[in-house]
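Quick note: the coordinates plus some simple rules give every number you see, no bench work behind them. Values in this document were obtained by computation on a predicted structure and should not be read as measured data. Here the Cβ positions follow ideal geometry from the backbone for every residue, glycine too, while neighbour counts run over all protein chains shown.
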Amino acid sequence: MPLVNMKKANKAASKAPGKSFSVRVQTMDAELEFANIENKAYGKELFELVCKTIGLRETWYFGLQFVDSKDYIAWLKFDKKVLDQDVSKEAPVTFTFLAKFYPEDVTEELIQEITQHLFFLQVKQSILNMDIYCPPEASVLLASYAVQATYGDYDESTYKPNMLASEDLLPQRVIDQYQMTPEMWEERIKTWYADQRGMSRSEAEMEYLKIAQDLEMYGINYFQIKNKKNSDLWLGVSATGLNIFERDNRLIPKVLFPWNEIKNISFKDKRFVIKPIEKKAPDFIFYAPKLRINKLILELCVGNHELFMRRRKPDPMEIQQMKAQAQEEKRRKLAERQRYAKEKQLKEEALREKEELKRRLCQVQDDVRLAQESLMKSEETAELLAEKARIAEEEAALLTQKASEAESENSRIRMSIIKTEEQKVMMELRARDAEMIATRLLDDSEQRAQEAEKLKEELRQARLAERLAKEKLLEVSRGSVNIDSLYGMGRMPSDLATHLTLTSGDYGPNESSTEASCDLLANTDMVSLSLELEKEKVEYTEKSRSLQEHLRELKSEIEVLKKEDVDNMFDRLHDLHRQTTGQDKYSTLRAASSNTTRSRVTLFEEL
């Protein structure tokens with residue numbers, strides 16, 4: 001984790017007289033060190049210094065947690081000096097900066113991105129540590145949002161197998177339940193991850209929290225208690241009220257006491273008393289194992305009740321300004337993302353156009369090459385035919401000359417006087433032979449003449465083809481120039497390259513104190529608050545049918561790979577409750593709080 005040295009922030013403190021001490025604060029994603037903190041510094045001063053350092057304004061959800069001298073979890077009290085509390089005396093004094101209280105609706109209440117980020121990291125860690133139960137199929141969906149928040153959009157070209165193998169994405173309980181390799185889990189997470197394309201980090205973290213807040217154990221601080229029958233039970237302190245759970249079932253509350261029905265809470269030693277507003281209702285009494293536990297329960301009750309009441313009042317000016325600034329920041333980032341997306345789209349279109357121009361240029365170059373080859377062949381053919389025609393003409397002329405000579409010889413023979421009959425016969429034979437030779441030579445001469453005419457015609461056709469080839473080459477050359485001008489010699493345009501006030505005493509009593517009390521709601525406030533609650537009636541918003549269908553499909557797909565010998569108690573309780581009642585977290589809470597206060601107290605005492 002990054003280490004932040006706060007010497008500059010404490011420069012003024014270092015000049016102050018008196019002794020000082022150093023502090024180390026561990027947040028969910030950083031480690032802060034503060035030197036020279038004055039010994040007289042109050043808890044509030046240290047807390048405000050941490051909040052200022054990390055830029056947090058929604059401070060009311062958070063606190064500084066530490067382990068006291070008896071190894072109990074405690075929260076730093078703001079109204080007391082740091083060193084007067086049961087903190088470690090070894091330097092540096094170590095604290096953990098955590099969310100102490102949870103919102104009822106993350107979408108409506110969490111304003112700053114830093115607040116959302118800190119809640120996301122803490123809730124994610126609680127799910128992975130199995131402090132919050134999460135069904136296997138929902139674990140895969142949440143893991144996909146966590147990956148989107150970490151890596152951004154899924155890119156198939158850069159994604160590498162086993163890229164998520166080193167990430168801590170699923171609870172070990174889920175991994176141990178199924179006969180699935182890390183590659184099989186990664187494939188299922190990747191499928192969901194690809195669907196989150198376009199989400200920013202803050203949007204992905206908010207979607208994670210919106211799903212996580214619907215988990216039954218989200219936002220509940222559990223404490224072991226006993227009732228009057230000495231039954232082992234769990235007390236759950238949450239943003240909406242106090243929940244009572246049976247020892248073996250921390251998912252489904254048996255009894256619920258909303259904050260608006262509680263008038264006063266107090267404890268004396270290990271005995272904790274809750275006084276309902278309903279006058280005839282008996283007090284709700286339970287017993288904690290240690291006095292320190294009761295002090296912590298009271299502290300959490302008071303803080304949760306304050307936030308419960310504040311949510312039901314108009315936002316103060318500071319909150320209104322924060323919300324306006326947050327909305328303006330969201331609009332600015334949205335416009336920036338849209339501009340970036342548009343530039344990216346233009347760049348992709350320019351690259352596609354460039355590739356298309358390259359392809360067309362290659363095609364034109366191929367056409368030019370083919371045309372040149374065709375022209376060369378045409379020229380060679382024309383030259384060959386011209387040579388053949390010349391030879392044929394010479395042969396025809398020679399045969400004509402021979403025919404003429406034969407005819408002259410024949411005439412001369414006929415005109416000669418044959419003295420003897422024998423010579424006459426011989427001469428006739430010779431004349432006949434000469435005539436046959438002359439006839440044959442004449443026929444050959446005509447044939448050669450025809451061949452010469454044919455060769456002349458072929459020569460004419462070859463020259464015509466040569467002319468056409470030259471015209472096509474000229475046309476292709478003109479087309480190449482146009483393409484080059486359109487392509488811009490390989491250069492692209494430069495612009496494409498880119499409630500009520502609590503009446504309370506000391507709700508954080510000294511260690512020597514054995515009792516404390518806090519009035520949460522006056523009788524006169526009951527009617528107005530009940531009317532306000534009646535108006536808002538917190539209703540559970542059902543997730544989209546598509547999401548539910550995908551979760552059911554994933555559950556069915558991995559169910560066949562579930563190990564038979566591995567059975568988890570929370571899975572059994574979760575599935576049994578959904579199958580038998582069909583209820584979700586919010587309908588269960590409404591059902592648990594629908595009874596009268598008297599009946600709820602009676603039910604608690606009978607557990």
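For this structure, a couple of remarks:
- V368 versus S69: modelled label distance in nm, points set 7 Å from Cα along the beta carbon direction: 9.2
- Set of segment 254-293 residues, backbone N closer than 11 Å to the point 7 Å along the Cα-Cβ line of D519: 264
- Which listed pairs, of K279/K323; K124/K344; K358/K470; K81/K229; K402/K456; K80/K268, have C-alpha distances above 30 Å, in listed order: K279/K323; K124/K344; K81/K229
- Paramagnetic reach from R24 in segment 87-129 [backbone N under 18 Å; point 7 Å along Cα→Cβ]: 87-98
- Comparing Cα centroids, segment 449-465 and segment 329-403 end up 30 angstrom apart.
- Cross-linked pairs K44/K330; K190/K354; K70/K290: Cα-Cα separations exceed 22 Å for K44/K330; K190/K354.
- Within-10-Å neighbourhood charge of L121 [Cβ basis; K, R +1; D, E -1]: -1
- Three-way shape label, segment 133-203, alpha-carbon gyration tensor, a/c 1.5: oblate
- Cα shape, segment 43-94, gyration tensor, a/c 1.5 rule: prolate
- Mean Cα-pair separation over length for segment 118-232, i.e. relative contact order, pairs under 8 Å, 6 or more apart, %: 41
- Reach of K454 by Cα under 17 Å, taken over aspartates and glutamates that are not fewer than 8 positions away in the same chain: E383, E387, E393, E394, E395, D443, D444, E446
- Integer Hz, Karplus 6.51/-1.76/1.60 couplings in order for segment 436-451, x for Gly and Pro: 5, 5, 4, 4, 5, 5, 5, 4, 4, 4, 5, 5, 5, 5, 5, 4
- Electrostatic bookkeeping for D366 treats Lys and Arg as +1 and Asp and Glu as -1; over the other residues with beta carbon under 11 Å from its beta carbon, the sum is +1.
- What the phi angles of segment 122-134 give under the Karplus curve with 6.51, -1.76 and 1.60, with θ = phi - 60°, is a coupling list of 6, 5, 4, 5, 5, 5, 5, 7, 6, 6, 10, 6, 9 Hz, glycine and proline written as x.
- Other residues lying with their Cβ under 9 Å from the Cβ of F286 contribute a combined charge of +3, Lys and Arg counting +1, Asp and Glu -1.
- Karplus-derived 3J(HN,Hα), 6.51/-1.76/1.60, for each residue of segment 146-161, Hz, glycine and proline x: 5, 5, 4, 5, 8, 9, x, 5, 5, 10, 4, 6, 9, 6, 10, x
- Modelled spin-label separation between E108 and D84, with each label point placed 7 Å from Cα along the Cα-to-Cβ direction: 3.9 nm.
- In this simple spin-label model, placing a label point 7 Å from the Cα along the Cα-to-Cβ direction at both K562 and N249 gives a separation of 1.9 nm.
- Computed from the C-beta positions of K344 and A397 and an R0 of 60 Å, the FRET efficiency is 0.15 to the nearest 0.05.
- Under 14 Å from the Cα of K563 - aspartates and glutamates, other chains or at least 8 residues apart: D176, D571
- Extension gain, L468 back to A335 (0.36 nm per residue minus Cα-Cα distance, nm): 42.0 nm
- Under 5 Å from the amide H of I132 lie the amide H atoms of I127, each residue being 5 or more positions distant or on a separate chain, with H modelled from the backbone and absent for Pro and chain starts.
- Amide H within-cut-off set for Y178, under 5 Å, with H built and near neighbours excluded: K563
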